[in-house]
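Undergrad: Mind looking over this structure? Questions follow.
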Amino acid sequence: MKLELINVGVDYNHQAFLRGINLRVEHRSRISLVGPSGSGKSTLLRVIAGIERPAIGKVLIDEIDVTTTPPHLRRVGMVFQDNQLFPHLSVGDNVGYSLRITRRADRTEVIREMLDLVGLSGYERRDVNALSGGEQKRIAVARALAANPSILLLDEPLTGLDEALHDRLLTDLIALFERRGTTVVHVTHDVAEAKRLSSRVIDIAELVS
């Protein structure tokens with residue numbers, strides 16, 4: 001789906017933090033937002049996801065105004081920097097968390113499909129706390145994709161990985177997104193990572209008026 005931000009602004013403590021954000025992301029495209037810590041990259045993702053509401057402006061998905069629409073009705077998936085997996089749930093239950101009201105047979109099939117997509121087939125019953133950092137990243141991506149989102153948001157998804165694992169997982173993610181035709185908005189401070197993952201790299205400073 002297509003995403004558009006129109007004159008979006010965010011306030012913190014009644015003071016303007018971001019202002020005049022205009023951004024258009026076409027269907028099936030991948031863009032990266034780069035900039036230093038504290039520049040508002042993650043905040044912008046939270047606005048797109050519906051976790052945070054802008055003080056001004058609009059968020060459109062396929063030309064429908066979703067500015068006040070709650071997160072679970074937007075069909076937007078998000079992978080957080082710290083993964084935010086549920087430590088008390090198995091790998092399978094983490095991946096299928098958004099499918100709790102789905103028929104069990106269908107839910108089991110989706111979980112199996114998502115784990116296969118991220119290269120972790122057969123991990124359904126494993127303890128997420130026993131996984132490596134790279135495996136946890138993959139589970140976070142699988143969980144985000146399980147609900148079949150129209151748009152996937154990646155907030156510094158590869159932070160904290162060693163160079164070899166970072167390179168391998170980035171390669172796998174690119175292949176996965178190309179295969180699925182996923183619309184992606186990716187946030188990072190790593191310009192090299194951004195250039196590899198996306199066809200369009202934008203410094204967030206260029207968006208702020």
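The values are calculated or read from the model by the stated rules, or taken from the named source; none is laboratory data. Keep in mind the model is a prediction, meaning the values are calculated, not measured. Positions of Cβ are generated from backbone atoms using ideal geometry, with glycine treated the same way; all protein chains shown enter the neighbour counts. Side chains included, ligands, DNA and RNA excluded: accessible areas come from the protein's heavy atoms. Shrake-Rupley method; radii C 1.70, N 1.55, O 1.52, S 1.80 Å.
Undergrad: Could we say that Asn83 is open to solvent by less than 70 Å² (accessible area, probe 1.4 Å), in contact (Cβ under 8 Å) with a residue 24 or more places away in the chain and farther than 21 Å from Leu170 by Cα here?
TA: Numbers: open to solvent by less than 70 Å² (accessible area, probe 1.4 Å): yes; in contact (Cβ under 8 Å) with a residue 24 or more places away in the chain: yes; farther than 21 Å from Leu170 by Cα: no.
Against the criterion (open to solvent by less than 70 Å² (accessible area, probe 1.4 Å), in contact (Cβ under 8 Å) with a residue 24 or more places away in the chain and farther than 21 Å from Leu170 by Cα), Asn83 does not qualify.
Undergrad: Give the residue, chosen from Ile6, Ile48, Ile21, Ile56, that is in contact with a helix residue (DSSP H, G or I) (Cβ under 9 Å, 6 or more places away or on another chain) and among the aliphatic types (A, V, I, L, M). Give the steps one after another, and end with the answer.
TA: Working: Ile6 fails: in contact with a helix residue (DSSP H, G or I) (Cβ under 9 Å, 6 or more places away or on another chain); Ile48 fails: in contact with a helix residue (DSSP H, G or I) (Cβ under 9 Å, 6 or more places away or on another chain); Ile56 fails: in contact with a helix residue (DSSP H, G or I) (Cβ under 9 Å, 6 or more places away or on another chain).
The unique qualifying residue is Ile21.
Undergrad: Please enumerate the residues belonging to the stretch 5-25 that are surrounded by fewer than 18 Cβ atoms within 10 Å (Cβ to Cβ) and either of a type outside the set (D, E, K, R) or at pLDDT 95 or above (or both).
TA: Answer for the stretch 5-25, where residues must be surrounded by fewer than 18 Cβ atoms within 10 Å (Cβ to Cβ) and either of a type outside the set (D, E, K, R) or at pLDDT 95 or above (or both): Ile6, Asn7, Gly9, Tyr12, Asn13, His14, Gln15, Ala16, Phe17, Gly20, Asn22, Arg24.
Undergrad: Mind checking which pairs have a first residue in the stretch 46-57 that is among the charged types (D, E, K, R) and a second that is part of a loop (DSSP other than H, G, I, E, B), Cβ under 6 Å, 6 or more apart or different chains?
TA: Arg46/Glu52
Undergrad: Also, I was wondering about something else. Of (1) farther than 26 Å from Asn13 by Cβ; (2) open to solvent by 30 Å² or more (accessible area, probe 1.4 Å); (3) touching a strand residue (DSSP E or B) at 6+ places or on another chain (Cβ under 6 Å), His72 satisfies all except one. Which?
TA: (3)
Undergrad: Okay, next question. Hey, does the stretch 133-141 have a residue that's closer than 25 Å to Ser198 by Cβ and touching a strand residue (DSSP E or B) at 6+ places or on another chain (Cβ under 6 Å)?
TA: Step one: of the stretch 133-141, the residues closer than 25 Å to Ser198 by Cβ are 133-141.
Filter once more, so that each one left must be touching a strand residue (DSSP E or B) at 6+ places or on another chain (Cβ under 6 Å): 140-141.
Yes - at least one qualifying residue is present in the stretch 133-141.
Undergrad: Based on this model, can you work out whether Met78 counts as within 24 Å of Ser199 (Cβ to Cβ), touching a strand residue (DSSP E or B) at 6+ places or on another chain (Cβ under 8 Å) and open to solvent by 50 Å² or more (accessible area, probe 1.4 Å)? Full working, then the answer.
TA: Details: within 24 Å of Ser199 (Cβ to Cβ): yes; touching a strand residue (DSSP E or B) at 6+ places or on another chain (Cβ under 8 Å): yes; open to solvent by 50 Å² or more (accessible area, probe 1.4 Å): no.
The answer is no for Met78.
Undergrad: Looking at Gly40, Gly50 in this structure, which one is under 17 Å from Val187 (Cβ atoms) and modelled with pLDDT under 95?
TA: Gly40
Undergrad: Return the pairs, sorted by first residue and then second, in which the second residue is among the small types (Gly, Ala, Ser) and buried (at least 18 other Cβ atoms within 10 Å of the Cβ), the first residue lies in the stretch 107-124 and is in contact (Cβ under 8 Å) with a residue 40 or more places away in the chain, the beta carbons are less than 6 Å apart, and the residues are 6+ apart or on different chains.
TA: Val118/Ala142
Undergrad: Is the stretch 72-83 home to any residue that is modelled with pLDDT of 95 or more and over 14 Å from the mean Cα position of the chain (by Cα)?
TA: No, the stretch 72-83 contains no residue that is modelled with pLDDT of 95 or more and over 14 Å from the mean Cα position of the chain (by Cα).
Undergrad: Which of the residues spanning the stretch 189-199 are acidic (Asp, Glu) and not in a helix (DSSP H, G or I)?
TA: Taking the stretch 189-199 and keeping what is acidic (Asp, Glu), we get 190, 193.
Result: Asp190, single match.
Undergrad: Return only the number of the condition from (1) touching a strand residue (DSSP E or B) at 6+ places or on another chain (Cβ under 7 Å); (2) among the charged types (D, E, K, R); (3) buried (at least 16 other Cβ atoms within 10 Å of the Cβ) that Asp65 does not satisfy.
TA: (3)
Undergrad: Now for a different question. What are the residues in the stretch 200-209 that are in a helix (DSSP H, G or I) and open to solvent by 10 Å² or more (accessible area, probe 1.4 Å), if any? Walk me through how you get there before you give the answer.
TA: Taking the stretch 200-209 as the starting set, the residues that turn out to be in a helix (DSSP H, G or I) are 204-206.
Result: Ala205, Glu206.
Undergrad: When the residues of the stretch 116-136 are narrowed to those that are closer than 18 Å to Leu176 by Cβ and charged (D, E, K, R), which ends up surrounded by the most Cβ atoms within 10 Å (Cβ to Cβ)?
TA: The selected residue is Glu135.
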